[in-house]
Amino acid sequence: MSQTAEALARTPRPGEQTDILRVEHLSHSFGGVNAVDDCSLQVPANQITALIGPNGAGKSTLINVVSGFYPAQKRGTIFFNGHNITGWPTYRRANAGLIRTFQISRGYGGMTVLENLMVPPKKQSGESLLNAIFRPRLVAAEEARHLEKALQLLDTFGLYEKRDEYARNLSGGQKRLLEMARALMADPTLLLLDEPMAGVNPALADQLAQHIVNLAKQTGITFLLVEHNLGIVDQICDHVIVMANGRALATGTMAEIRANQQVVEAYLGG
Amino acid sequence: MSPVLYYATTLLVFFFDYNILTWGLNIQFGYTGILNFAFIIFMAIGAYVSGVFALPQANGIAGQTYILGLSWPFPLTLIMGGLVAAFFGLLVGLIALKRLRSDYMAIVTVAVGAIAYDFIGNVTGLFNGWDGLGGVPQPLQTRFNIDFNTYQFVYVGIAGVVMVILWWLANRIYSSPFGRTLRSIREDQDVSEAFGKNTFKYRMLAMVIGCFYAGIAGGILIFFTTALNPSGWTTGETFVVWTALLIGGTGNNWGAALGALLVPVGFQEATRFLPQFPGNPDLIPALRNIIVGGLLILVLWFRPQGIIPEKKARFNIFRIPLHGAPAEVRSRAASIAASQKEESNVTDG
């Protein structure tokens, strides 16, 4: 893509909602199975978007391709925040602000809860070997800033008391909370949550949902969540994308989606 | 010098040397989770390279053939050994770390170790082949013309200083954000990648630093023994270092040091001088391996984290400004700070 075209892609046309993520004609296959098949979709900025669909629709594959976990197969293009990120390695996408969580919580088990939160901040000067050895003051000042943010997040997510516990010793629900708190330490522009409510009791699910709504309001983070709990989707999401057979079947508000005959047949059931 | 003192100082040098070696492996495995089963190769490279930088040009003395022979002065020879070992760590890392993880990476390192062993043994022009290097000049020995007995103590000092520097460095790395990122990669490489860490770069750095440690340990060894041949760094030696680390405690440099004291120094070196059983010259080494192996099994079974396990990261959360923190957090911080003050008053009084 040329420079001008990329600049154009970044500038919203008047009266148009900006899309932070645009996936165009993306395909991804495993052997002969096309998990994602010529899929095109847009995720509007500063909103909460849900990605729903039956099992095997390609939702998780899409998340993995978008975040760079599955290497691009040279079919389709992914734009994030105006950049063509299709060939970028995972870490570069993350540094551009595209952060994800995992379907199964993956805490750093052998590290404490607080330490888990200290890993994600981007561009830490103490991550350079030379700074780590020769500039302890610079590193300490930065650590204090990250520490303060981490403690506040732990407080928000009700994990403050658990800060010195090994992450592997947390309960399933607490691991979910940790996963989200940790992702927020990375200052995401777009946060991809892969089934954040899976295996979480209804009360905690409501709590997580409330966190997402508050964060979207306060920080302007764009959320894209894969979710099967349609009650919660209805409650918190501005925008819904339905996937089936590897492509986006329909987009709109939950009410619009419920009225869509195709979607009802493919997913919601008659 | 009494034989006991001579023996004790010798063991001390071996202990210092194995500390460096075990910390190097700890940086690779304990911090970062890299399985390097060719670790001893990097020690050998460091030893040989230090040796050929210190030795004079090979002119057929005692029939030795080797490269370089530059007669460089001491600290430079040691540093070159470390750097060249680190460079080979980089090369092996490029092969083993780019696409491979855990088991497959380990297989590659085993293969690399076997190749290097046979290569160095058979290419006689490199480091004098299977006979190895001998007569390596000892650091500062010729310049100050120190007598043999005093030199034992001088060398304990040299090895000690190098060890203390590398101890400081290893711990500095561990507690820094750099070390934290290494440990996060050990815990879950994918997650770290998803947080924007170039995990390949970090694993390479850990590989290179660990191999630098191994190279320095090699240099310290060859300058002490003045000779080294391939029988001194067989594949088995790699597992001696591994056993030391696993028994002592991975991820903890105190643990690694305890492991170095128990396994290579305690079992390997201190039993070296036990009387041999007539007709069974291999009995003592075999018994030694049985004991070390048994100890390893016991530790892995009953205390897999090692004798001195990795410490929890402690953050001094009460020393940071919490102006943005919720009232509850601030009041808790204040009350704890007050109680700490009381305690210190009591001890002062």
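With in contact with a Pro (Cβ under 8 Å, 6 or more places away or on another chain) and either within 27 Å of B:GLN268 (Cβ to Cβ) or in a helix (DSSP H, G or I) (or both) as the only criterion, which of B:THR10, B:THR77 stands out?
B:THR77
Being away from every other protein chain (no Cβ under 12 Å) and surrounded by fewer than 20 Cβ atoms within 10 Å (Cβ to Cβ): is that true of B:ILE115 here?
yes
From B:LEU246, B:LEU283, B:LEU258, B:LEU228, grab the single residue that is touching a strand residue (DSSP E or B) at 6+ places or on another chain (Cβ under 8 Å), modelled with pLDDT of 90 or more and open to solvent by 10 Å² or more (accessible area, probe 1.4 Å).
Exactly one residue qualifies, and that residue is B:LEU228.
How many residues does the stretch A:149-164 hold that are at the interface with chain B (Cβ under 9 Å from one of its Cβ atoms) and either free of Cβ contacts under 8 Å to residues at least 24 places away in the same chain or over 22 Å from A:GLN207 (Cα atoms) (or both)?
Residues flagged as at the interface with chain B (Cβ under 9 Å from one of its Cβ atoms) and either free of Cβ contacts under 8 Å to residues at least 24 places away in the same chain or over 22 Å from A:GLN207 (Cα atoms) (or both) within the stretch A:149-164 amount to 4.
For the stretch B:268-278, does any single residue satisfy the condition of being in contact with a Gly (Cβ under 9 Å, 6 or more places away or on another chain), open to solvent by 40 Å² or more (accessible area, probe 1.4 Å) and not in a loop (DSSP other than H, G, I, E, B)?
There is no residue in the stretch B:268-278 that is in contact with a Gly (Cβ under 9 Å, 6 or more places away or on another chain), open to solvent by 40 Å² or more (accessible area, probe 1.4 Å) and not in a loop (DSSP other than H, G, I, E, B).
Would you mind telling me which numbered condition in (1) open to solvent by less than 70 Å² (accessible area, probe 1.4 Å); (2) at pLDDT 60 or above B:TRP301 fails?
For B:TRP301, the failing item is (1).
For (1) under 21 Å from B:ARG172 (Cβ atoms); (2) touching a residue at least 12 places away in the same chain (Cβ under 8 Å); (3) crowded, with 20+ Cβ neighbours inside 10 Å, each residue gets a yes or a no:
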| position | (1), (2), (3) |
| --- | --- |
| B:PRO3 | no, no, no |
| B:TYR6 | no, yes, no |
| B:PHE14 | no, yes, yes |
| B:LEU21 | yes, yes, yes |
| B:PHE29 | yes, yes, yes |
| B:ILE40 | no, yes, yes |
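Of a type in the set (A, V, I, L, M, F, W, C) and in contact (Cβ under 8 Å) with a residue 60 or more places away in the chain: is that true of B:VAL265 in this structure?
When the stated conditions are applied, B:VAL265 passes them.
Matching residues to (1) free of Cβ contacts under 8 Å to residues at least 60 places away in the same chain; (2) more than 9 Å from chain B (Cβ to nearest Cβ); (3) more than 20 Å from the chain's Cα centre (by Cα):
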site: A:ALA96; (1), (2), (3): no, no, no
site: A:SER105; (1), (2), (3): no, yes, no
site: A:GLY109; (1), (2), (3): yes, no, yes
site: A:LEU114; (1), (2), (3): yes, no, yes
site: A:LEU117; (1), (2), (3): no, yes, no
site: A:LYS123; (1), (2), (3): yes, no, no
site: A:LEU130; (1), (2), (3): yes, yes, yes
site: A:GLU143; (1), (2), (3): yes, no, yes
site: A:LEU147; (1), (2), (3): yes, no, yes
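Can you tell me which residues in the stretch A:70-92 are touching a helix residue (DSSP H, G or I) at 6+ places or on another chain (Cβ under 6 Å) and either open to solvent by 50 Å² or more (accessible area, probe 1.4 Å) or not hydrophobic (A, V, I, L, M, F, W, C) (or both)?
Selection gives A:TYR70, A:GLY82, A:THR90, A:TYR91.
Looking only at helices (runs of 4 or more DSSP H) that fall completely inside the stretch B:153-229, which ones have 3 or more residues that are under 18 Å from the mean Cα position of the chain (by Cα) and more than 10 Å from chain A (Cβ to nearest Cβ)?
Once the helices (runs of 4 or more DSSP H) in the stretch B:153-229 are filtered for at least 3 residues that are under 18 Å from the mean Cα position of the chain (by Cα) and more than 10 Å from chain A (Cβ to nearest Cβ), what remains is B:199-225.
Which residues, taken from the stretch B:111-146, are β-branched (Val, Ile, Thr), within 23 Å of the chain's Cα centre (by Cα) and modelled with pLDDT under 90?
B:VAL136
Only one of A:THR4, A:THR49, A:THR18 is over 21 Å from the mean Cα position of the chain (by Cα) and either modelled with pLDDT under 85 or not basic (Lys, Arg) (or both). Can you tell me which?
Being over 21 Å from the mean Cα position of the chain (by Cα) and either modelled with pLDDT under 85 or not basic (Lys, Arg) (or both) holds for just one of A:THR4, A:THR49, A:THR18, which is A:THR4.
If you scan the stretch B:76-105, which residues turn out to be at pLDDT below 90 and crowded, with 17+ Cβ neighbours inside 10 Å?
B:ALA96, B:LEU97, B:MET105
Mind checking which pairs have a first residue in the stretch B:97-124 that is within 17 Å of B:THR199 (Cα to Cα) and a second that is among the basic types (Lys, Arg) and part of a helix (DSSP H, G or I), Cβ under 9 Å, 6 or more apart or different chains?
That search, which allows pairs on different chains as well, returns B:LEU97/B:ARG203.
When B:GLY125 is evaluated against the numbered criteria (1) touching a strand residue (DSSP E or B) at 6+ places or on another chain (Cβ under 8 Å); (2) in a loop (DSSP other than H, G, I, E, B), which criterion, by number, is the only one it fails?
Tallying (1) touching a strand residue (DSSP E or B) at 6+ places or on another chain (Cβ under 8 Å); (2) in a loop (DSSP other than H, G, I, E, B), B:GLY125 fails exactly one: (2).
Step by step: first the residues of the stretch A:65-94, then only those that are of a type in the set (A, V, I, L, M) and touching a His at 6+ places or on another chain (Cβ under 9 Å), then the one that is nearest to the other protein chains (Cβ to nearest Cβ). Which residue is that?
Checking each candidate, the answer is A:VAL65.
From the list A:SER67, A:SER60, pick out the single residue that is open to solvent by 20 Å² or more (accessible area, probe 1.4 Å) and within 14 Å of the chain's Cα centre (by Cα).
A:SER60
For the stretch A:110-132, name all the residues that are more than 20 Å from A:LEU154 (Cα to Cα) and assigned to a helix (DSSP H, G or I).
Residues satisfying the conditions are A:SER125, A:GLY126, A:GLU127, A:LEU129, A:LEU130, A:ASN131, A:ALA132.
Return yes when B:ILE320 is more than 19 Å from the chain's Cα centre (by Cα) and modelled with pLDDT under 90 and no when it is not.
Considered against the rule, which asks whether it is more than 19 Å from the chain's Cα centre (by Cα) and modelled with pLDDT under 90, B:ILE320 comes out as yes.
For every residue, the table says whether it meets (1) closer than 23 Å to B:GLY113 by Cα; (2) in the same structural domain as B:LEU126 (by TED's automatic domain parsing); (3) open to solvent by 10 Å² or more (accessible area, probe 1.4 Å).
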| residue | (1), (2), (3) |
| --- | --- |
| B:PRO177 | no, yes, no |
| B:SER192 | no, yes, no |
| B:VAL208 | yes, yes, yes |
| B:CYS211 | yes, yes, no |
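The values are calculated or read from the model by the stated rules, or taken from the named source; none is laboratory data. None of these values were measured; they are calculated from a predicted model. With ideal geometry, Cβ positions are generated from the backbone for all residues, glycine too; neighbour counts draw on all protein chains shown. Keep in mind that these areas ignore ligands, DNA and RNA; they rest on the heavy atoms of the full protein, side chains included. Shrake-Rupley method; radii C 1.70, N 1.55, O 1.52, S 1.80 Å.
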